[in-house]
Amino acid sequence: MNKHYDVAIIGGGIIGMSIAYHLAKAGKQIVLFEANEIGKQTTSAAAGMLGAHAEGEGDEDIFFQVGRQSQALYEKLTVDLQHESGIDIRISVGGIMKVAFTEQEKRALCRMQHLPTFEWLEASSVKERMPQIADDIVGAGLIEDDVHVEPYAVCRAFWQAAVRHGADVKEFTPVIDVKRGKETLTVSTAKGIFTCDHLTVASGVWSGRFLEELGLSHSLYPVKGECVSVWNNGPALAHTIYHDHCYIVQRDSGKLVIGATMKPNDWQAIPTLGGIEAVIHKASQLMPSIREMPIDQCWAGLRPATSDRHPYIGKHPEDERILFATGHYRNGILLAPITGEIIRGLIVGESVHKEWLHAFRIGRKEALFV
Ligand SMILES: Cc1cc2nc3c(=O)[nH]c(=O)nc-3n(C[C@H](O)[C@H](O)[C@H](O)COP(=O)(O)OP(=O)(O)OC[C@H]3O[C@@H](n4cnc5c(N)ncnc54)[C@H](O)[C@@H]3O)c2cc1C
């Protein structure tokens, strides 16, 4: 007989694992299918910044509101996950220094000055805090709330805690197809057939094929990001340095993570020499001394992007049993906790912000991001 679950989840990256954790903790019987190893695709490629301010388009933007909420959830999650999984997700202090090299960049940054979480620092104060930074900056916006975590540690912690709450997590179990019956949904996998009341598609950039098979059009595509890490042989960075999508993040291990390129429609998750060269070039303009640091490793990952850069989170418009949580683009680590809460809310019947569901619904008219 096929085993039956309340909810099946496709994809064991940080988004699928957060959903598994939130639903298992709410008492649902969960099965999660992961084609390879948990958390080893895009999730492991991320720098782990919780960049609600750094990545947003200002505080009017829905992304900012949702991102801030998710950032706040991390505070409690750090404690809960440590307790439930024994894993430290390594939340940092110090936040991000968003650097300006020109008066125009300074003006753009200072649009955030009305926020209590933003502080403009002139070049001399930035240099006092971070002597490693380039001499020719005009100043920087300090955002202490945009801290960072270790993405794989968060994913692993969700996984271990979900299992502790009874979730069944199946690695090396690709989902082959999904059939919609009147009574239940049937999920065929490489390791057998399962039935469920609800299904959530959370397979990152690979979600597109399920959306299509379930009759939905979408704009999901990969934006490849390449990174390099080096061993910091100087003093530790007090803050993440960020400029024009280039960043340098200090890890507790003594490594600096330097990223990242943006290559749309490249499905090859392998770094190229040209990509790494571009990353090093940009980063050494921010912090010249990195050129002397020993290389640790290079890698690449595929960000799941949509045309308007907002994720798809919500229910299938014609079948309430099927939900989506994908397209988190540059911010899946930031948005994992709130995504888990939204999907739990939709499945167990808690109230969920209508505005958010509207903004992230599949089938919306997506404005092209420029
Ligand atoms: C270089 C880089 C830097 C980044 N930095 C940050 C950052 O600082 N902060 C931030 O918030 N975000 C960052 N991101 C974005 C973030 O990594 C992603 O948004 C996030 O990892 C997406 O998670 P996911 O679970 O949707 O996808 P994934 O982690 O890719 O997980 C999807 C999983 O689904 C599985 N799967 C696919 N098909 C099937 C199938 N048929 N059956 C079963 N399983 C299947 C895959 O094997 C995979 O494990 C970065 C991304 C990159 C590439």
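The values are calculated or read from the model by the stated rules, or taken from the named source; none is laboratory data. Quick caveat, the model's predicted, so the values are computed rather than measured. As a convention, Cβ positions derive from the backbone with ideal geometry for all residues, glycine included, and neighbour counts pool all protein chains shown. With ligands, DNA and RNA removed, areas are computed over all heavy atoms of the protein, side chains included. Shrake-Rupley method; radii C 1.70, N 1.55, O 1.52, S 1.80 Å.
Checked against (1) among the basic types (Lys, Arg); (2) more than 16 Å from the ligand (Cβ to nearest atom); (3) more than 20 Å from HIS245 (Cβ to Cβ), ARG111 meets all criteria but (3). Residues of the range 318-339 that are among the hydroxyl-bearing types (Ser, Thr, Tyr), over 22 Å from VAL178 (Cα atoms) and either touching a Cys at 6+ places or on another chain (Cβ under 9 Å) or within 7 Å of the ligand (Cβ to nearest atom) (or both): TYR329 alone. Within the range 29-79, the set of residues being within 11 Å of the ligand (Cβ to nearest atom), more than 16 Å from the chain's Cα centre (by Cα) and surrounded by fewer than 24 Cβ atoms within 10 Å (Cβ to Cβ) comprises ALA35, ASN36, GLU37. The set of residues from the range 91-129 being closer than 21 Å to LYS255 by Cα, touching a residue at least 60 places away in the same chain (Cβ under 8 Å) and surrounded by fewer than 18 Cβ atoms within 10 Å (Cβ to Cβ) comprises just one member, ARG129.
If we keep just the residues of the range 225-244 that are in a loop (DSSP other than H, G, I, E, B) and touching a Lys or Arg at 6+ places or on another chain (Cβ under 8 Å), which is nearest to GLY95 (Cα to Cα)? Here the answer is HIS239. Does HIS198 satisfy being in contact with a strand residue (DSSP E or B) (Cβ under 8 Å, 6 or more places away or on another chain) and either small (Gly, Ala, Ser) or assigned to a loop (DSSP other than H, G, I, E, B) (or both)? In short, no.
Inside the range 246-261, residues that are of a type outside the set (S, T, N, Q) and surrounded by fewer than 16 Cβ atoms within 10 Å (Cβ to Cβ) make up a count of 2. Test GLY192 against the criterion of being without any contact (Cβ under 8 Å) to a residue 40 or more places away in the chain, away from the ligand (no atom under 11 Å from the Cβ) and out of contact with any Ser or Thr (no Cβ under 8 Å at 6 or more places or on another chain), and give yes or no. The answer is no for GLY192. Would you confirm whether any residue within the range 212-226 is free of Cβ contacts under 8 Å to residues at least 12 places away in the same chain, within 15 Å of the ligand (Cβ to nearest atom) and assigned by TED's automatic domain parsing to the domain that holds HIS53? Looking for residues that are free of Cβ contacts under 8 Å to residues at least 12 places away in the same chain, within 15 Å of the ligand (Cβ to nearest atom) and assigned by TED's automatic domain parsing to the domain that holds HIS53, one finds at least one in the range 212-226, hence yes.
Residue under question is ASP252, and the condition is that it be closer than 30 Å to ASP145 by Cβ, in the same structural domain as VAL138 (by TED's automatic domain parsing) and outside any loop (DSSP other than H, G, I, E, B); does it hold? No: the conditions fail for ASP252. Of all residues being of a type outside the set (A, V, I, L, M, F, W, C), farther than 21 Å from PRO304 by Cα and assigned to a strand (DSSP E or B) in the range 172-189, which is nearest to the ligand (Cβ to nearest atom)? Just the residue, please. In this case the residue turns out to be THR189. When ALA153, ALA157, ALA161 are checked against the criterion of being modelled with pLDDT of 95 or more, closer than 30 Å to ALA54 by Cβ and surrounded by fewer than 20 Cβ atoms within 10 Å (Cβ to Cβ), ALA153 stands alone in meeting it.
Of all residues in the range 57-99, how many are basic (Lys, Arg) and under 30 Å from ASP135 (Cβ atoms)?
Taking the range 57-99 as the starting set, the residues that turn out to be basic (Lys, Arg) are 68, 76, 90, 98.
If we keep only those that are under 30 Å from ASP135 (Cβ atoms) too, we end up with 98.
Total meeting the criteria: 1.
If a residue counts only when it is under 20 Å from TYR312 (Cα atoms) and in contact with a strand residue (DSSP E or B) (Cβ under 7 Å, 6 or more places away or on another chain), which helices (runs of 4 or more DSSP H) contained entirely in the range 1-111 have at least 1 such residues?
14-25, 42-45
Checked against the criterion of being within 19 Å of TYR221 (Cα to Cα) and touching a residue at least 60 places away in the same chain (Cβ under 8 Å), the candidates GLU366, GLU341 yield just one match: GLU366. Total residues in the range 335-370 satisfying the condition of being under 22 Å from LYS76 (Cα atoms) and either open to solvent by 30 Å² or more (accessible area, probe 1.4 Å) or part of a loop (DSSP other than H, G, I, E, B) (or both): the figure is 8.
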